[in-house]
1. Give the long-range amide H neighbours of B:F77: residues separated by 5 or more places, or on another chain, with amide H under 5 Å away, using H modelled in the peptide plane at 1.01 Å from N.
2. Roughly how far apart, in whole Å, are the Cα centres of segment A:176-252 and segment A:1-76?
3. Would you mind computing Rg(Cα) / (2.2 N^0.38 Å) for segment B:285-358, counting N as its residues?
4. Skipping prolines and chain starts, which residues have an amide H placed within reach, meaning under 5 Å, of the one on B:G47, given they are 5 or more residues away or on another chain?
5. So for segment B:355-421, what percent of the C-alpha to C-alpha distances run longer than 16 Å?
6. Below 8 Å, C-alpha to C-alpha, sequence gap of six or more: please give me the relative contact order for segment A:259-349 in percent.
7. To two decimal places, what compactness ratio does segment A:344-495 give when its Cα radius of gyration is scaled by 2.2 N^0.38 Å?
8. How much length is gained on full extension from A:E40 to A:N287, taking 0.36 nm per residue of separation minus their Cα-Cα distance?
Amino acid sequence: MTAATQGDLSTLTSKELHHKIVNKDISVMELVELFLNRIEQYDPQLNAYITVVQDKARAQAIEVDNKIRSGELNHPLAGVPYALKDLFCTKGILTTCGSNMLRNFKSPYDATVYDKLNHAGAVLLGKVNMDEFAMGSSNENSAFGVVRNPWDTSRVPGGSSGGSAAAIAAGLAPYSLGSDTGGSVRQPASYCGISSIKPTYGRISRYGMTAYASSLDQCGPMARSAEDMALILQTISGFDVRDSTSANMPVPDYSATLNEPLTGLRIGIPKEFFADGLDAGVAKVINEAVEQFKRLGATVKEVSLPNSHLSVAAYYVIAPAEASANLSRFDGVRFGHSCDAPTNLQDLYERSRWEGFGDEVKRRIVIGTYALSSGYYDAYYLKAQKIRRLIKNDFVAAFNDVDVLMGPVTPTTAFKIGEKSDDPIAMYLGDIYTLPISLAGVPALSIPVGFSDNLPVGLQIIGDYFNEAKLLNVAHQYQQVTDWHRQSPIAFSGV
Amino acid sequence: MAQWETVIGLEIHAQLATKSKIFSGASTAYGAEPNTQACAVDLGLPGVLPVLNEDAVYKAVIFGMAIEAHIAPYSVFARKNYFYPDLPKGYQISQMDLPIVGIGHIDIEVDGETKRIGVTRAHLEEDAGKSLHESFHGLSGIDLNRAGTPLLEIVSEPDLRSAKEAVAYMRTLHELVRYLGICDGNMQEGSFRCDANVSVRPKGQAEFGTRAEIKNINSFKFVEKAINHEIARQIELIENGGTVVQETRLYDSVKDETRSMRSKEEANDYRYFPDPDLLPVHISEDFKAQIKAELPELPKAKKQRFKTEYALDDENATILTSSRPLADYFEAVVKQSGCEAKLCANWMTGTLSAALNKAGLDIIDSPVNEQRFASLLARIADNTISGNIAKQVFEALWQGTDTTDEIIEAQGLKQITDTGAIEAIITEIIAANAKQVEQYRGGNEKMFGFFVGQVMKAMQGKANPAEVNKILNAKLS
């Protein structure tokens, strides 16, 4: 293979790669070697991967090659390599959650989504970097170091699924599974110029996905196109007896409706998403994208999500409250970091947790513990839940009149590494357009729609509950007439 | 000196007899090697999620129905947060604001009086594991086999006024949960244990005194002793000018005393909040109707029915309804033997019960099952054997596998009702005991027993006692 072919292959979609495998243009093994090579060459600049599973990937490649040749495997993702955010439990492979607490942790069981991808014949390349325990919007909160944005390595890739987004953007994996609690797949996708979807809460099993905030956490496919996201979502969705909060509803054929025309599509533009604080460059790109949808036959009207401004406050009570309990299991007793020579039980707890957790995790545990404390519960947790209900009602009302909502994913493009590190409030406010969706539990996706000052800008498309098919259809139609999703950072386009 | 009134409320933890744990598929069987019955969910590994065991819900609801309680159409699991090594997740999944069983009641009997005790609520929760502090290389060990075992915590109103009432309440509840088949009631294994909230107040005072909670008492005897000790402690404290502080105390059964474990100030802030991993539990009217149809006859109703239907006295009715297997056994024996119920009751509370006690067996493990016991009683009723001989046959039934009829046949125990044969023997005996005949005829009526004994001895106990009496009477008069 020439250098040019390698670079080309690394920018293909999962669907295209699968076709090349089926057409015998390339074997699974060759494809795996190509990505392993690229990881070796480029990842030192990005730090996207925490663990690369070379041997396992090669062994799996042989197996999948054989099964595809024998006709045993014909899943549309068969043979396509991918990366998992390092909070999905994978038997025999480290699952660090970006934390010193789990630096050496190997799960004895597999997450449901990993299990499903294994059955589909997808080939795991490795586990990718993330903000510690999925807490963060910049990937600076990782015990394994910051991840850099392939479009400008002085900038953050976003978070918490920053490793996933950077790896895809730089051609170090065709797709990845991230997790989204308050925007953690949409925001990094927007910063890195790739596509991602946070499905309706309950669409995908959470079993084996290390919990941050259980009522908000949802696995999210991150990929090069809406078409790829449809395939991935199809593969990993569905009811799981091991997750009571997974939806017991049939999974539609997401690929089947991708080509429906958008004539008559009713788009709502939430006016609150275009108020003060939105960067002018980002606003311009978003408005151009909306114009493109008009040309595709959609109608556009302004709508209101009047309580969305409360989402940051509500989210940063609810998520830390749940996290404070979810992270109690990391106590140095059974697994994970355990301090040296504890003098007594209290010492074991205090030092193991103090040494194991990073600053942002500690901050959220303290916030959450406080919010749930006797005497404060009503004022914080209960009030936040009421706000959550109001926000949900806003969306329900909006979808009475429109099919989808559109707006920016973030107020700005990717910021500089270190720029907001000392200002958690500024960091939290950057989540303002993604949090209302998470609190309501509705699905939303992020697709690249242009650049502002040479940095990618993502459009957020929000749908009604369990209407992922519509979102993917809308995104796919846009990607049929534009090529923003096919742009790759030049610095990573070679061998 | 003031007259004191005691106020007691009990919190009883009944372990529900489900096959698997409340939120995982691991077995609940007791006594396995440490940590062999703890799966990924029980260990609280990253990424695991709880899934509610429907049987635990069923058992909680059937309990609620049995105490005529309000069954919540909508109940919620909550996380109770605290750190302890035997609590793998750092929180216990329990219920707080919306328990599955609401207000109900239990009637207890103390000194022949019936008293109604209010039940505030009953909620589902998971048990913790066990810390093993003894002989583990100088360290503490953790056994998580018990972690996740379903518990029903039954909270009473502060309606109990003495240790005696508390014990009666606990016994009634113990009997009820076993009747319902929702708990094995094994107190040694911790399947049924109790926390007691105890306070005292001057008689006539409306407000409650400050209470102390005595934790984890696992026998009826200890409940009585612990409460009585605590009452005495509180009264003595107040009478000496002190005040009771709200605290948690532990009962030491060896020293027979309670001692402070932690005060109110040291109490945990459990930071309860609804568990986002579990959906609220919806109990439909259909589900309730189904359970109602499956609700067994309860101890009180059964006892009343035994009195009227079988004409049993209070004592026998109480004993025979003290457990469902015993009551079922009794009814089967009455039906299969065709005997008078009173005879069955007497034999059960007498011979059978003595043999079971001696062997330390429960009725369900009796070597003589209801069918074999019924056939024995049937042979008494049809005069094949006498009561005395029947005891001999029972022994043989207990020891071996032969049927009643095989034993009677093999040992030649069949009762002789042939009047000719009895008469011949009696004639011989009267002839051989002239002196005794004279005494009897002279007014010593006790001598009648002597003759009966002689006849029975001569006939190896097989003579029909009624015939013997009749013929002896005729011959001696």
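1. It is B:D275, B:V281, by chain and number.
2. 23 Å
3. Working: Rg = 14.2 Å, N = 74, 2.2 N^0.38 = 11.3 Å.
Normalised Cα radius of gyration, segment B:285-358: 1.26.
4. Distant-sequence amide H within range of B:G47: A:A211.
5. 46 percent
6. On the way: 58 pairs, mean separation 27.8, N = 91.
Here the relative contact order equals 31 percent.
7. Working it through for segment A:344-495, the quotient is 1.38.
8. 85.0 nm
The values are calculated or read from the model by the stated rules, or taken from the named source; none is laboratory data. Fair warning: this is a prediction, and the values are worked out from it, not measured in the lab. Cβ atoms come from the backbone with ideal geometry, glycine included; neighbour counts cover every protein chain shown. Accessible surface is based on the protein model in full, side chains and every heavy atom, while ligands, DNA and RNA are left aside. Shrake-Rupley method; radii C 1.70, N 1.55, O 1.52, S 1.80 Å.
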